[in-house]
Structure formats: C-alpha cells, structure tokens
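A.B. asks: One structure, as structure tokens, below. Some questions next.
The values are calculated or read from the model by the stated rules, or taken from the named source; none is laboratory data. Predicted model only: the values in this text are computed from it and were never measured. All Cβ positions, even for glycine, are placed from backbone atoms using ideal geometry, and neighbour counts span all protein chains on display. Surface accessibility is based on the protein's heavy atoms, side chains included, excluding ligands, DNA and RNA. Shrake-Rupley method; radii C 1.70, N 1.55, O 1.52, S 1.80 Å.
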Amino acid sequence: MGKLSSLFCTVAVAAAPGCAVGPLVNHETAKTVGRSHHELVGGYGAAGYVVKWNYGLTENLDLGLHWESLSIGVRAKYAFVNNEKGWSLAAGLGTGVSAGGSHYYGDLIGSHMVGSWEPYGALRLVHVKNAPLKFKDKDTGEVKFSVSSIEYDYGQFILGVRYWFSPHWLFSLEASSLFAISSGLKVGNGALLGGSFGYRF
C-alpha cells in the first residue's frame with residue numbers, strides 16, 4: 001500500500017468519508033433473540049448513528065441488518081453456547097457496502113447474563129475493498145491525484161454492557177478500539193464510545 005493510500009485510509013478509518021470501513025459498533029451480545037423474535041436497536045456515539053435489526057431464524061441463529069453512518073449491510077450470528085443466565089458464546093459473519101467500497105467481517109462474541117446486567121466482549125476482523133477514487137480541480141476538472149483500488153484488513157476490540165429494564169427493553173453502552181492488520185495501514189487512536197436503546201419482541 002502506497003504512502004498516499006495509507007494516509008488516505010488513516011483519515012478514513014478515523015471516521016472521515018471517502019474510504020470504506022466495516023461496522024464500527026456492535027451493541028449485541030452472544031445470546032440470540034430466539035426463534036421468530038425480533039430485536040430493534042438504535043443508538044449514537046463517536047462512530048455516528050446506528051440502527052440494527054435482528055430476527056431469530058432458529059433458537060441459535062439470528063439474521064440481521066445494520067445501518068451506520070459509514071456502512072450498511074447484512075449479518076448472521078450463530079450461538080454455540082446460548083444460556084438465559086450465565087455465559088454465552090457466538091460467532092458472526094457480515095458483509096456490506098461503505099462510503100467508498102465494500103467490506104466483510106467476522107465476530108467472536110462472549111457475554112455473561114447476571115440479573116439485569118449483560119456485559120459482553122467481541123473481537124472483530126474486517127476486510128475492506130476500497131474503490132478507486134479521483135480528485136479533480138473543481139474549476140478545470142483536471143485530475144489532481146487519484147487513489148487506486150486497495151484492499152486492507154483491520155481489527156477491533158469491543159467491550160460493552162447491556163442493562164435490561166424488562167424482558168423487552170434494553171440499554172447498551174460500549175467502547176471499542178481499532179488496530180491495523182495490513183502493513184502500512186494506520187488507524188486513529190482512542191476509543192469509540194456509544195450508547196443505544198433496544199426493544200425485543
């Protein structure tokens with residue numbers, strides 16, 4: 001990856017438009033929503049807005065949609081361990097489009113239900129394909145510089161907690177940190193913070 005591409009994506013992964021990224025928030029535990037149930041979550045934070053919908057295809061398999069400030073896509077989550085109380089463990093796969101390209105990713109999620117509290121953690125690995133871009137002079141239309149199509153990988157550590165007001169209503173807080181996998185890729189420092197409300201029915 002060239003210096004220009006690296007610099008360009010340093011800015012983009014720090015949440016500027018023009019370079020593709022995957023979903024930047026999770027707001028999801030390892031537990032599934034349950035067969036034929038739905039879960040709607042809406043929130044906001046350092047990564048912008050997020051709207052998520054999950055549907056329980058089986059007791060252990062959810063299918064869903066996510067829509068964030070910089071990306072939109074579909075995902076599936078399968079729970080290997082799925083307990084109403086105590087520990088749960090799941091894996092998720094997703095794909096979608098972003099401002100400037102496309103992405104696919106995998107999640108490993110663990111959570112623990114204790115009373116009304118459900119802390120969770122996730123490791124996300126993301127592969128991004130960025131579309132070629134040309135930057136032109138606004139007056140003459142002359143191409144000043146261009147960025148060729150590039151692909152890169154990065155990861156994300158996510159820690160959060162859900163609080164269940166009732167079996168249907170929830171509140172979630174989370175923080176995450178990005179890390180580069182591809183050589184030459186730089187990501188912004190600091191945590192991405194956010195909160196959300198959700199309803200399961």
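A.B. asks: Looking only at the stretch 105-120, count every residue that is under 13 Å from the mean Cα position of the chain (by Cα) and not β-branched (Val, Ile, Thr) and tell me the total.
C.D. replies: 4
A.B. asks: Then there is this: Yes or no: the stretch 37-52 includes at least one residue that is surrounded by fewer than 21 Cβ atoms within 10 Å (Cβ to Cβ) and of a type in the set (D, E, K, R).
C.D. replies: The answer is no; no qualifying residue exists.
A.B. asks: Still on this structure: Evaluate the following for ASP153: is it closer than 15 Å to ASN26 by Cβ, assigned to a strand (DSSP E or B), in contact with a Leu (Cβ under 9 Å, 6 or more places away or on another chain) and open to solvent by less than 60 Å² (accessible area, probe 1.4 Å)? Show your work before the answer.
C.D. replies: Values: closer than 15 Å to ASN26 by Cβ: no; assigned to a strand (DSSP E or B): yes; in contact with a Leu (Cβ under 9 Å, 6 or more places away or on another chain): yes; open to solvent by less than 60 Å² (accessible area, probe 1.4 Å): yes.
Considered against the rule, which asks whether it is closer than 15 Å to ASN26 by Cβ, assigned to a strand (DSSP E or B), in contact with a Leu (Cβ under 9 Å, 6 or more places away or on another chain) and open to solvent by less than 60 Å² (accessible area, probe 1.4 Å), ASP153 comes out as no.
A.B. asks: Just give me the residues in the stretch 33-49 being in a loop (DSSP other than H, G, I, E, B) and more than 17 Å from the chain's Cα centre (by Cα), in sequence order.
C.D. replies: Correct list: VAL33, GLY34, ARG35, SER36, HIS37.
A.B. asks: Scanning for something touching a His at 6+ places or on another chain (Cβ under 9 Å), farther than 26 Å from ALA180 by Cα and of a type in the set (A, V, I, L, M, F, W, C), does the stretch 83-102 turn up at least one residue?
C.D. replies: Yes, some residue in the stretch 83-102 is touching a His at 6+ places or on another chain (Cβ under 9 Å), farther than 26 Å from ALA180 by Cα and of a type in the set (A, V, I, L, M, F, W, C).
A.B. asks: List pairs: first in the stretch 111-127 and over 30 Å from GLU151 (Cβ atoms), second assigned to a strand (DSSP E or B) and among the β-branched types (Val, Ile, Thr), Cβ under 9 Å, 6+ apart or cross-chain?
C.D. replies: The qualifying pairs are TRP117/VAL161; GLU118/VAL161; PRO119/VAL161.
A.B. asks: Against the conditions (1) among the polar types (S, T, N, Q); (2) open to solvent by less than 40 Å² (accessible area, probe 1.4 Å); (3) assigned to a strand (DSSP E or B), where does SER182 fall short? Just the number, please.
C.D. replies: (3)
A.B. asks: Same structure again: Where residues in the stretch 103-135 are more than 18 Å from VAL161 (Cβ to Cβ) and in contact with a His (Cβ under 8 Å, 6 or more places away or on another chain), which of them is most open to solvent (accessible area, probe 1.4 Å)?
C.D. replies: Out of the qualifying residues, it is TYR104.
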